[in-house]
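The values are calculated or read from the model by the stated rules, or taken from the named source; none is laboratory data. Small disclaimer: the values here were computed from a predicted structure and weren't measured. Cβ placement follows ideal geometry from the backbone for every residue including glycine, while neighbour counts extend to all protein chains displayed.
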């Protein structure tokens, strides 16, 4: 809708004082065409028939569309071809076509309603501004006759500013409501229906956001300030340009407009999961076409100079498509695992999702909102951890230890209302030793676990992750605890030694092969704020035993140091660190009684809660440390 013609009020001043341009928001909505989307929905509906399970949804959306739509348009001639393309490409059933029609009609109805509401909003704003502008004109003419209307003019200008700000708020709300409906429907179309509507729908959906000003800052604190200054449309533009924007350190979890990393990373997950599932389905179909070729059997003989064999050409085309499909489905188990974890509880936040940066998928999931929690912990795992194999158990451990930390805080005077967020971070490529069935990969994994290259690479990203937590934290710094297990303790120790202040208050290491640090000061921590645990039967001790024995043999000692690295003294025996117990113990329960804590065994029990219920001493200690109650932890002998 056009802007009003004003003689005494300046639109630029009104927009500046309001903090945004309501007319621009309206223009973006009015640029969409619900009629064209409706035409496409009708085409799919006609092909599906009216007997599908989505019929009621379609009819409701169509009535909604007809109620609000005021746009005319000509039926495009290529919608039938689009429906046929989808039927052929997806082998779509009538039920699928009916669901696509319902989702498309939902978009058309939501856009029609948004356009109508936005037009009414701007019409009211324009009318108010024209009246106020005319009043100012009258006051100015009377001022020329000797009357003083300065206060009235100021009041009229103030009302104009307020009206513009209110209209901007309404316009933003209208657009955001529509955008959420649109994004959900688009996700349904891609993930549930298997139909990518980008070409046919996005040019009509009025969801083309404007770019933000200037480059995206790299510094987490600067990025947080930058992000919080953006409009919803500018945030959408950044996500459209970079689906990994939610991984940027300093991105808030769930800001007032709900457009933070949890929102965008879950959108990214849905998009990647849908693509991987489609690729897996294509790989299955290609394998079914040629199970012998997929098994490496009956491969046609290679082409020769001057001799091209049709069956070889067919095989090479098939192999290329099969390889591409399998590569597209490579991270499907990881994405499915992340999706399962998030669906288990709305209190789980997706802080990181990355299938591009490393040789493995990466993910980080928070239990509780890290931006609002009093106490925050980040746990980094070690050898053989993968997203598909580890994120579910790590999220469950994070859930349990958070519950125990909150229990302990309830009985700590002055901390009864403290909140906790626990984060499972698989944000690097831990070394992998699959076993004797894959000797090549195992040799590479053994090299990785005996050297600090992977840990150093991960440490840089982990330190920035710490920085991001503090940059987006509300109400002052978070009480942040860094936790590392196994090779992840080395990664954590190196992260704490990265240049700068990362806002970490304390560290806890268990089952550690070394952290390349000997004192709290090496880790930029205060004395008494570094804790360590090691179970008596943890095979990690072999690392130190082998090194100790080797040092007594001149050539062998030098070889072990050069070829297998030396990650420093054992944190669990370092006198400068606080050693915590792992065996059976008894602690107060807060009600005048006691709790018997079970012992931990081996290399992996530390964060695991007993299957039959209860607590391990290591569970209790981890919770106490991350809650800032290290003095309450059970100390080792």
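Taking the criterion of being under 28 Å from residue 471 (Cα atoms) and in a loop (DSSP other than H, G, I, E, B), the residues of the range 511-545 that qualify are 515, 516, 517, 519, 524, 525, 526, 527, 528, 529. Meeting the requirement of 3 or more residues that are over 32 Å from the mean Cα position of the chain (by Cα) and modelled with pLDDT of 80 or more, the helices (runs of 4 or more DSSP H) wholly within the range 1-96 are 11-18, 34-48, 55-68.
If you go through the range 220-254 and keep only what is assigned to a loop (DSSP other than H, G, I, E, B), without any contact (Cβ under 8 Å) to a residue 60 or more places away in the chain and more than 15 Å from the chain's Cα centre (by Cα), you end up with 229, 230.
Somewhere in the range 296-312, is a residue within 28 Å of residue 530 (Cβ to Cβ) and part of a helix (DSSP H, G or I)? Scanning the range 296-312, I find no residue that is within 28 Å of residue 530 (Cβ to Cβ) and part of a helix (DSSP H, G or I), so the answer is no.
Yes or no, residue by residue, for (1) outside the structural domain of residue 478 (by TED's automatic domain parsing); (2) closer than 21 Å to residue 415 by Cβ:
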| position | (1), (2) |
| --- | --- |
| 595 | no, yes |
| 599 | no, no |
| 604 | no, no |
| 609 | no, no |
| 614 | no, no |
| 625 | no, yes |
| 637 | yes, no |
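For the residues 462, 525, 496, the requirement of being at pLDDT 95 or above, surrounded by fewer than 22 Cβ atoms within 10 Å (Cβ to Cβ) and in the same structural domain as residue 567 (by TED's automatic domain parsing) singles out 525.
Residues are listed down the side, and each one gets a yes or a no for (1) over 28 Å from residue 469 (Cα atoms); (2) surrounded by fewer than 17 Cβ atoms within 10 Å (Cβ to Cβ); (3) touching a helix residue (DSSP H, G or I) at 6+ places or on another chain (Cβ under 9 Å); (4) modelled with pLDDT of 95 or more:
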residue	(1), (2), (3), (4)
311	yes, yes, no, no
321	yes, yes, yes, no
329	yes, no, yes, yes
349	no, no, yes, yes
354	no, no, yes, yes
402	no, no, yes, yes
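Would you confirm, using the coordinates I've provided, whether residue 305 is within 30 Å of residue 482 (Cβ to Cβ), free of Cβ contacts under 8 Å to residues at least 40 places away in the same chain and loosely packed, with under 15 Cβ neighbours inside 10 Å? No: the conditions fail for residue 305.
Report yes if some residue within the range 188-204 is more than 28 Å from residue 226 (Cβ to Cβ), outside the structural domain of residue 272 (by TED's automatic domain parsing), modelled with pLDDT of 80 or more and within 21 Å of the chain's Cα centre (by Cα); otherwise report no. Among the residues of the range 188-204, not one is more than 28 Å from residue 226 (Cβ to Cβ), outside the structural domain of residue 272 (by TED's automatic domain parsing), modelled with pLDDT of 80 or more and within 21 Å of the chain's Cα centre (by Cα), which makes the answer no. The set of residues in the range 481-510 being assigned to a loop (DSSP other than H, G, I, E, B) and over 23 Å from residue 631 (Cβ atoms) consists of 486, 497, 498, 499, 500, 501, 502.
Note on the range 132-160: residues that are surrounded by fewer than 18 Cβ atoms within 10 Å (Cβ to Cβ) and either within 48 Å of the chain's Cα centre (by Cα) or not assigned by TED's automatic domain parsing to the domain that holds residue 21 (or both) total 4. Among the residues of the range 413-428, the ones that are surrounded by 15 or more Cβ atoms within 10 Å (Cβ to Cβ) and either within 30 Å of residue 593 (Cβ to Cβ) or modelled with pLDDT under 95 (or both) come to 6 in all.
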